[in-house]
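First up is the structure itself, then whatever we jot down about it.
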Amino acid sequence: MEIELKFLCAAPADIESWAHTDIEQAYLCDSPVIRVRRDGEEYFLTYKSSGLMAREEYNLPLDKASYDHLVKKADTEPLSKTRYKKTIRRTLNGVEKDLTIELDIFHGRLAPLIMAEVEFETEEDAKAYIPEAWFGREVTYEKAYHNSNLIKDGLPEDFVEQ
């Protein structure tokens, strides 16, 4: 189960100190979401059920040849982004927990979109989370900000660079 909150944001000043990787992903189906992803030198086929904050997610490893074959079958062009990661420690429901912020800087026709995601173990933890001060508008419940919709439809009309 994937449980995450999503926020529009600007890149923080210390972004270059964060671990990062380049990602390319393409969508074979959008209901349910089936995608292929190249994350650095790793390759995956992913299934995601419907849902907004919480949904099932399964990642299956692929080799490069399988990825190269499947990406050509996608309904849209691949989406390209750089993902930065940083671990933070927060108290959620009275318990100290390590959380990871995944900050995606989109490239190509989705630039200048920057979106932060924070994943949680439980929905209760997600509901207890107080967003970072530098986060902008929460878009967790806006389907237009799902990657599968962004690559198909482009930036939403209400998008404002943070």
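The values are calculated or read from the model by the stated rules, or taken from the named source; none is laboratory data. What you see is a predicted model, and the numbers here were worked out from it, not measured in a lab. Every residue, glycine among them, receives a Cβ derived from its backbone with ideal geometry; neighbour counts consider all protein chains shown. SASA here: full protein model, heavy atoms, side chains in, ligands and nucleic acids out. Shrake-Rupley method; radii C 1.70, N 1.55, O 1.52, S 1.80 Å.
Odds and ends about this structure:
- Meets criteria (assigned to a loop (DSSP other than H, G, I, E, B) and open to solvent by less than 60 Å² (accessible area, probe 1.4 Å)) for Glu132: yes
- Taken over the stretch 34-50, the criterion of being touching a Phe, Trp or Tyr at 6+ places or on another chain (Cβ under 9 Å) and modelled with pLDDT of 95 or more is satisfied by Ile34, Arg35, Val36, Arg37, Arg38, Tyr43, Phe44, Leu45, Thr46, Tyr47.
- For the stretch 77-86, the condition holds for at least one residue, the condition being that it is modelled with pLDDT under 95, over 20 Å from Phe135 (Cβ atoms) and open to solvent by 40 Å² or more (accessible area, probe 1.4 Å).
- Just so you know, in the stretch 136-162 the residues that are touching an Asp or Glu at 6+ places or on another chain (Cβ under 8 Å) and free of Cβ contacts under 8 Å to residues at least 24 places away in the same chain include one that is least open to solvent (accessible area, probe 1.4 Å), and it is Pro156.
- Only one of the numbered conditions (1) open to solvent by less than 30 Å² (accessible area, probe 1.4 Å); (2) aliphatic (A, V, I, L, M); (3) more than 21 Å from Ala10 (Cβ to Cβ) is violated by Ala116, and that is (3).
- When Pro12 is tested against (1) of a type outside the set (S, T, N, Q); (2) more than 17 Å from Asn147 (Cβ to Cβ); (3) surrounded by fewer than 16 Cβ atoms within 10 Å (Cβ to Cβ); (4) in contact (Cβ under 8 Å) with a residue 40 or more places away in the chain, only condition (3) is not met.
- As a summary of the residue check, Leu110 satisfies the conditions (1) in contact with a helix residue (DSSP H, G or I) (Cβ under 7 Å, 6 or more places away or on another chain); (2) open to solvent by 40 Å² or more (accessible area, probe 1.4 Å) except for the one numbered (2).
- Taking the stretch 80-109 as the range and being among the aliphatic types (A, V, I, L, M) and touching a strand residue (DSSP E or B) at 6+ places or on another chain (Cβ under 7 Å) as the test, the residues that pass are Ile88, Leu99, Ile101, Leu103, Ile105.
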